[in-house]
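Trainee: Pasting a structure here, questions to come.
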Amino acid sequence: MPAKYHIHVEPVVDRFLSPKSYVALERDGCLGCLECVKRQCIYDVFKQGKYNPEQMRDSADSLCRNCLWCVQQCKRRLFSRQSNPDFAAMGDEYWTPKIIAALWSQASDGKVPVSGAGYTGPFCGPGFDQIWTDMSEIVRPTRDGIHGREYINTSADIGRKSRRLIFDKDGKTTNASYPLISIGLPVVINLLPFGAVGEGLREAIGLTAKELNILAIRDADELVEHNWPVDTIGHLAPYLRADQPVKQYTKLIKQVRAVEIDDGPKVLEKISEIKNLAEEAVVIVRLPLAPEAVKRAVKLAEQKVETLHLFADYRGNEFEDGNDSAKLSSAANPRFVSEAVAEIHEALIRAGLRDAVTLIASGGIALAEHVAKIILCGADVAAVDIPVLLANQCRMCLNCRENKPCPVEIDNVQVDWSRQRIVNLLGSWHAQMIEVLGAMGIREARRLRGELGRAMFFRDLEKESFGPIFGQRKEFTTEEISKIKKQISKR
């Protein structure tokens, strides 16, 4: 049995006061009670709270746990709570303020979020909230791997595997062997879609990848500019765009264990160039999720591509057209990343190629449960991006896209502070991953891949429940849809 994988987390103080969902209001009219509710606050909010003139915010609002004890106990009813407009303005319809706040909390202390009130949301939501996992094994305490009573392996492999072993008369294998990278967590750090990224965050990402034994995909030019230590560069995978020649990065490619490149007409030639420089390097082909991605994924797998990185936009939606990755735009009625990945996974199974190729999926992965769910849909590894920014207290204001100053100065973060925040976040995700696997009765993350029988999907439940009443809705193929459009245009 391999050594138990462990992520060391420790609390990290926030650089900026984070907006909370509610703010405190206090009216005048204090009676001067000897037992003031301010002194009796069990969280010492009023003792620790101070006004920060630079941020123009009282830290008491950030420390408050919203237990409402002071509101209920004050004899003059001087305290009240109201919704915070700054909190409600963060993020968008997918990256909600609630998700952002949860990731901030996990990056601060590395703990598993606990809520004793139960789930209070709707029966079904968008994206990953349409998937429920089978937790039938949660009644078995021996499955509780987070406390060490049973080992649960969260490692994953990146690279191509031989479909079968062929031996000669001497018992030696004669078929081709491929390089393989083993990581301790089925997560890699993806390219960041936006953000005021400075030298501190860049180095923190590299150090996090080394500490957690995972990979971080970084722009090739960025890696050339920085002189990385040998023990760290092996955890960084340079990304080469379609217009970047391989020979320009010869020295870098010889140092790394993995290289990511864009899909394109000359992708096989580019892979051959990289293999000539570093035979043991795993080449990852970056393939945008679009309607034609299924056929392309099967074709690349047949051409012995080692790893495919299937990526959606940062909200998890597929693109309209994947032919030009430099001009990708979201589709009008896009599928979610989980559906697109599941379709490619099933197509590779039908082609007899699924066990040969590794699938990395990214786009819309915001929480620890999303990692488990995307693997359940057929991916081997999840690539995360925006959660790394949120670990550094990003508020998703998108000022960076308009070249405006970052309100939390992410471009000026200290390396150690940023590294520990990212480690804390992934440490919390690791603990939650173990909880999910243990509750499902699965002792290894690799076995979760494609386990669709251990999950329930809203679309399937809807068909089973209401299909007999309202009839089955016809699913049109792409060819049928195009014929219908032509018929309509002729009228």
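The values are calculated or read from the model by the stated rules, or taken from the named source; none is laboratory data. Owing to the predicted nature of the structure, the values given are computational and were not obtained by experimental measurement. Because the Cβ atoms are built from the backbone with ideal geometry, glycine has one as well, and the counts that use them run over all protein chains shown.
Trainee: Given the conditions (1) under 21 Å from the mean Cα position of the chain (by Cα); (2) assigned to a helix (DSSP H, G or I); (3) without any contact (Cβ under 8 Å) to a residue 40 or more places away in the chain, and given that ALA204 satisfies all but one, which numbered condition is not satisfied?
Mentor: The number of the failed condition is (3).
Trainee: For region 401-423, indicate whether the set of residues that are under 17 Å from the mean Cα position of the chain (by Cα) and not charged (D, E, K, R) is non-empty.
Mentor: yes
Trainee: When residues of region 134-185 are filtered for being under 25 Å from the mean Cα position of the chain (by Cα), of a type in the set (Gly, Ala, Ser) and modelled with pLDDT under 70, how many remain?
Mentor: Of the residues in that region, 1 qualify.
Trainee: Just checking, does region 45-64 include any residue being modelled with pLDDT of 80 or more, charged (D, E, K, R) and crowded, with 16+ Cβ neighbours inside 10 Å?
Mentor: Scanning region 45-64 turns up no residue that is modelled with pLDDT of 80 or more, charged (D, E, K, R) and crowded, with 16+ Cβ neighbours inside 10 Å.
Trainee: Name the single residue, out of those in region 410-424 being assigned to a helix (DSSP H, G or I) and of a type in the set (A, V, I, L, M, F, W, C), that is nearest to ARG202 (Cα to Cα).
Mentor: This residue is VAL415.
Trainee: From the list LYS266, LYS254, LYS247, pick out the single residue that is touching a Leu at 6+ places or on another chain (Cβ under 7 Å), basic (Lys, Arg) and over 18 Å from VAL357 (Cβ atoms). Reasoning before the result, please.
Mentor: Numbers: LYS266 fails: touching a Leu at 6+ places or on another chain (Cβ under 7 Å); LYS247 fails: touching a Leu at 6+ places or on another chain (Cβ under 7 Å).
None of the others qualify; the one that does is LYS254.
Trainee: Now a separate question. So, of the residues in region 359-391 that are out of contact with any Leu (no Cβ under 6 Å at 6 or more places or on another chain) and part of a loop (DSSP other than H, G, I, E, B), which turns out to be nearest to THR133 (Cα to Cα)?
Mentor: Of everything passing the filter in region 359-391, CYS377 is nearest to THR133 (Cα to Cα).
Trainee: Considering region 189-220 alone, what residues qualify as being buried (at least 16 other Cβ atoms within 10 Å of the Cβ) and among the acidic types (Asp, Glu)?
Mentor: Listed by number, the residues that qualify are GLU203, GLU211, ASP219.
Trainee: Of all residues in region 422-442 being of a type outside the set (A, V, I, L, M) and under 22 Å from ILE181 (Cβ atoms), which is surrounded by the most Cβ atoms within 10 Å (Cβ to Cβ)? Quick ask: steps written out before the conclusion?
Mentor: Initial filter on region 422-442 (of a type outside the set (A, V, I, L, M)): 424, 427-430, 432, 435, 438, 441.
Filter once more, so that each one left must be under 22 Å from ILE181 (Cβ atoms): 427, 429-430.
Working: GLY427: 24, TRP429: 27, HIS430: 25.
Taking the candidates together, the pick is TRP429.
Trainee: Another question about this same structure. Does region 437-471 hold any residues that are at pLDDT 85 or above and of a type in the set (Asp, Glu), and which are they?
Mentor: Hits for region 437-471 are GLU444, GLU451.
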